[in-house]
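Reading through the structure tokens given below for one structure.
The values are calculated or read from the model by the stated rules, or taken from the named source; none is laboratory data. Remember, it's a predicted structure, so these values are computed and weren't measured experimentally. Here the Cβ positions follow ideal geometry from the backbone for every residue, glycine too, while neighbour counts run over all protein chains shown. With ligands, DNA and RNA removed, areas are computed over all heavy atoms of the protein, side chains included. Shrake-Rupley method; radii C 1.70, N 1.55, O 1.52, S 1.80 Å.
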Amino acid sequence: MNTELTLPIEGMTCASCVARVERALARVPGVAHVSVNLATESATVAASGADAATLEAAIEKAGYHVPQRSVRLQIDGMTCASCVARVERALAQVPGVKSAAVNLATAQALVQRRGAAGDDADLLQAVRRAGYTAQPLASADAGAGARRTEPVLPVVLSALLSAPLLLPMLLEPLGVHAMLPALWQWLLATPVQFVLGARFYRAGWSALRAGTGNMDLLVAVGTSAAYALSLALWWRDPDGMPHLYFESAAVVITLVRLGKWLEARAKRRTLDALDGLRALRPERARVLREGTEHEVPLAEVMVGDAVVVRPGERLPTDGRVLEGRSHVDESLLTGESLPVAKGPGDAVTGGAINAEGRLVVQTTAVGSASMLSRIVQMVENAQARKAPIQQTVDRVAAVFVPAVGAVALLTLLGWGLLRGDWAQALIHAVSVLVIACPCALGLATPATLMVGTGLAARRGILVRDAQAIELMRAVRVVAFDKTGTLTVGQPRLVGCRATDGDADALLALAGALQAGSEHPLARAVLQALGACVVPAAQDVRAVAGRGVEGSVGGQALRLGSAAWMEALGVHDDALAAQASQWAEQGCSVAWLATAPPTGETGRALGVLAFGDEAKPTAAQAVQRLHARGVRVVLISGDNRGAVAHLARQLGIDDHRAEVLPADKARVVGELRAGPPAGARVAMVGDGLNDAPALAAADIGLAITREDGTGTDVAMETAGLTLLRGDPRLVDEAIALSQAITRRIHQNLFWAFAYNVVGIPLAAAGWLSPVVAGAAMALSSVSVVTNALLLARWRYRVQ
């Protein structure tokens, strides 16, 4: 049977594009019919056995793109892991949805769906059909679910009504007989059961309509059974004093509501770190216009505006300093404890505190494009995604409620048939239903990740992918890029030799080729030229991993690595000897040569040497990783001499030089093969040329430079980003990952232990419904509280 799918497509401009897409889709196995509409920019495909991912791959291969977008929803009514699974299933069945991740701790869903824009009413309807309510959530409202408070009044009223039912039970062992008459018990228990406990019936009924179960259903069925049994016993002996179980039903509801109230208070604290980041953004800014300061709302500041920041104020936007010198405190953004000196030309980040000097900053990013907004957005997305261990928990949760129901039924039948006391059998079955803790299972991982990702952000470690922070704990090999990662990344020209002896002319030609480049070596050349006039270059083209080529004054030139020149057959004995000497001193060497027509060999014009200092913390970073038993490898496209010199300086035994960007991914694969065999490999880099290796590694860590460059690629490619350019953060990330994972394992242990121990005890008749309800409420609160204890974690060197 054919299934019809509609896919949006970007990039089609004419009828030939339509034909190309139709041919690409028609070749997919299982496709029976294809119709592509240029006006609506979409394709309708009738297929059997071909999924959307296969069709998307065919469209991408044809040179077009299927747009995607993220939708964040606030979900109300979820109480346990079973609810999470049901909402995810409902969202995943909506046409066009690629993935849906629901977080119980934040009560949010992050949905990836096809289409650049559109109405998301179908998502809201799917959630409603599953028995819950949903509403679209803007980024600024993220965390609203976790901040919502459980009203305390119902908890207080329930406790006041339940106390007269519970106190006589507690006094009974002391010889005090103060049991209330059956009528009074009924009058006290009924409003608790059906008014204050109405939420359990509503949520339980929604779960039943959806064909599943949840914690609310267990509570509703269990307490209703105890209430109904009490009515039956009272009806059989209306004039006597039969032992009734109204107190069990009322106290269980009270304890569960109390547990939910405490849980909600604890969950609000998991967002403290994220709220702290949001609070860094000031509401207003002073904009300099025509020499006059104007105070305006932050939303009115535009890119290019000059913003005045007085001593003690927070920087309202990202930008570069135009005037003034000061120290800037970026501790809440990057974890850097000491203020950083800033002057004209230096990059600054919105949210940092200006210390002693007046600064005039030219705005480079505002709103969602600012560093602070992107950090907050990425932390929110990391909290919304699931860690691998959570997927196992979800599979358990999917069968948890039916399994508990089966155990409760067996308990009822076992006690009833073997003992003949069906009233007592029902109470034991109620205890089984009430003690089950699916909510603790659902909170164990996301609550810990929320605290952990917020803690990491405060320490300058930005978590983009929850999987990365979990995998980081088992890293056994760390591969570092050289320039900008272990070195300062600001090389300077230390030597220049021309074949004709005119070093100034050689430098001018090199500067012409690199005038528009942002490469660190290009900046070093231009800095060395200073205010000198540089000739214009034409047809300049970067050659990945090799260098740059172009034409200056009608002469075709190439500037690049020794390996490139060797491949082109360019050689000069005197220059080679000088280059070798510089390389042994740890310098990077670039050759300038002519680029004759194809078939002819170019002529060497000269060589340039660049020196780049190791970061002050690089050697300490390597030592800490070695102390942890981690193998450290240096991978660089630089020459062998420079790479070997830095490796010796830092104590790195394994180093790979002259590795092209495309080959770095291959080297990462080799490292994974061992030793040790099957080692988990982390790659640390700072720029675009490291992107393939960052993607190929088990965990990619992007490290930003002191001037903030490298940040865009870092945030988009790597699972983790080190925000203050300190390689010691790699070891700290491993330690934090171990702490987070350890806390998750503790929470899961307790969540499972409550059930593994509690359910058999309840089935054996050793726990009353009241004790079972207290244990169930305690389980959720203890899991969230244990997650909050992670905020006290402090990094300790091995």
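Working note: Cα atoms of the stretch 469-601, range along each principal axis, descending, whole Å: 56, 33, 29.
What translational diffusion coefficient, to the nearest whole µm²/s, does the chain have by Stokes-Einstein, given a Kirkwood radius computed over alpha-carbon pairs, a temperature of 25 °C and 0.890 mPa s viscosity?
Working: Rh = 30.7 Å.
In µm²/s, the coefficient is 80.
Could you give the alpha-carbon Rg of the stretch 13-58 over 2.2 N^0.38 Å, rounded to two decimals?
Details: Rg = 10.1 Å, N = 46, 2.2 N^0.38 = 9.4 Å.
That works out to 1.07 for the stretch 13-58.
Subtracting the Cα-Cα distance of ASP239 and VAL195 from their residue separation scaled by 0.36 nm leaves 13.1 nm. Shown for the stretch 714-762 is the translational diffusion coefficient from the Stokes-Einstein equation, using the Kirkwood radius over Cα pairs, a temperature of 37 °C and a viscosity of 0.692 mPa s: 242 µm²/s. Were the residues from HIS327 through PHE752 laid out at 0.36 nm apart, the gain over their Cα-Cα distance would be 147.9 nm. Model label sites at ALA764 and ASP500, defined 7 Å from Cα along the beta-carbon direction, differ in position by 9.6 nm. Protein heavy-atom accessible surface, 1.4 Å probe, per residue over the chain: 43 Å². Put simply, the Cα atoms of the stretch 569-709 extend 50, 33, 32 Å along their principal axes, the longest span coming first.
The gain in end-to-end length when the ALA406 to TYR795 segment is fully stretched comes to 135.4 nm, 0.36 nm per residue minus the alpha carbon separation.
Measuring spread by the Cα atoms of the stretch 461-525 yields a radius of gyration and Dmax of 19.5, 58 Å.
With contributions of -39500 (n - 2.57) from each DSSP H run of at least four residues, the per-residue ellipticity at 222 nm computed over the chain stands at -15000 deg cm²/dmol. Peptides 319-328, 495-504, 581-590 ranked from most to least packed give 581-590, 319-328, 495-504, packing being the mean of other C-beta atoms within 10 angstrom over each peptide's residues. Once both labels are positioned 7 Å from their Cα atoms along Cα-to-Cβ, the gap between THR133 and GLU356 label points is 5.7 nm.
Take each uninterrupted DSSP H stretch in the chain, measure its Cα extent along the helix axis, and return the ones at 30 Å or beyond whose mean Kyte-Doolittle hydropathy is at least 1.0.
Working: long enough: 215-236 (32 Å, 1.11); 246-269 (35 Å, 0.12); 388-419 (46 Å, 1.19); 438-458 (31 Å, 1.04); 729-763 (50 Å, 0.72).
In the chain, the long hydrophobic H runs are 215-236, 388-419, 438-458.
As a fraction of the 1.4 Å probe accessible area of the stretch 193-323, surface on carbon and sulfur atoms comes out at 56 percent. Measuring between their Cα centroids, the stretch 188-218 and the stretch 49-97 lie 30 Å from each other.
Expressed as a whole percent, how much of the Cα-Cα distance distribution for the stretch 46-86 exceeds 17 Å?
On the way: 483 of 820 pairs.
That tail contains 59 percent of the Cα-Cα pairs.
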